[in-house]
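Working notes, beginning with the structure itself.
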Amino acid sequence: MNLTMNSKFSTIFWVILLTLTLSACAGKRKQEPVSVTQNAQVMYDEAKRVLDSGLYNRAIELLQAVENRYPFGPMARQVQLDIIYAYYQANNLPQAIANIDRFIRLNPNHPDLDYVYYMRGLTNLKADENAFQSFFGIDQADRDLASTRQAFDDFRILITSYPDSKYSADARIRMQHIRETLARHELLVADYYMRRGAYLAAANRGKYIVEYFRESPQVEQALELMVQGYDRLGLEKLRDDAYEVLKLNFPNNRTRI
């Protein structure tokens with residue numbers, strides 16, 4: 001009798017144990033591992049939240065962490081674009097330009113290249129603006145304008161290569177502003193040369209303004225400088241030609257020869 005009861009107890013014990021084991025295995029199969037894409041998305045969402053809140057330096061750290069951990073992930077290019085924007089907003093302009101140039105080099109056919117060139121123009125423009133702010137009371141045109149000239153070229157590439165881009169209209173407006181700044185810069189340089197007796201250099205600067213900035217209000221003064229410069233050099237034919245253009249376009253101008 002005892003043997004029979006022990007045998008039944010043993011059978012029940014093993015049935016229960018087997019049932020528990022199978023249940024545990026079944027439960028484990030239901031738990032799917034978190035995918036790489038999910039991990040990358042979670043990290044990116046946090047970085048984007050910080051970026052949108054305006055904490056740009058912290059956002060750069062988080063975005064770079066995503067890029068370093070998932071360099072070939074599905075959102076890798078978007079992360080790189082966000083890093084460019086974050087560096088621009090953080091006023092770390094050299095790093096912004098470095099990341100822009102890297103993106104253009106590695107993604108020559110990316111659909112968002114219009115945005116990248118737009119950001120390149122804004123970044124170069126901001127570089128000179130920041131430099132001017134450190135010189136209180138000094139006109140932008142008094143300073144070197146290498147970055148501003150590069151910004152003009154960046155915007156030109158944008159509107160030429162991507163005329164239908166949503167950034168093209170703003171780029172055209174900025175190019176017009178840049179033209180005026182460059183024209184004033186050339187006029188200041190021409191006046192500098194004139195006051196120091198470098199009459200040919202002054203006249204050449206004036207000629208440059210007339211040829212490349214025809215719509216600028218600075219053209220009238222540029223022609224005046226050309227007339228004065230050629231007159232001081234005794235170049236009567238060039239002086240008379242410049243004077244004729246001046247009077248034709250600005251009949252009320254008081255310059256006399």
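All of the numbers you see were taken from the coordinates with simple rules; none came from a lab. Please read all numbers here as calculations on a predicted model, not as lab measurements. FYI the Cβ positions are ideal-geometry reconstructions off the backbone, even for glycines, and counts take in every protein chain you see.
Summary of values
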item: Proximal aspartates and glutamates relative to residue 48, as straight alpha-carbon distance under 12 Å, when same-chain residues fewer than 8 apart are discounted; result: 61, 82
item: Low-density loop cleavage sites - trypsin sites (Lys or Arg not before Pro) in segment 154-248, where at most 16 other Cβ are within 10 Å (DSSP); result: 166, 196, 214
item: Inter-label distance, nm, simple model (7 Å from Cα along the C-beta direction), residue 68/residue 180; result: 4.6 nm
item: With eigenvalues of the C-alpha gyration tensor scaled by 5 and rooted, segment 139-257, Å; result: 31, 16, 11
item: Compactness of segment 73-125, expressed as Rg and Dmax over alpha-carbon positions, Å; result: 10.2, 32
item: Whichever aspartates and glutamates have a C-alpha closer than 16 Å to that of residue 166, once near sequence neighbours (fewer than 8 apart) are set aside; result: 112, 114, 154
item: Segment residue 101-residue 37, length gained on full extension (0.36 nm per residue, minus Cα span); result: 20.3 nm
item: Of the chymotrypsin sites (Phe, Trp or Tyr not before Pro) in segment 43-118, those whose Cβ has at most 10 other Cβ within 10 Å and which sit in DSSP loop; result: 72
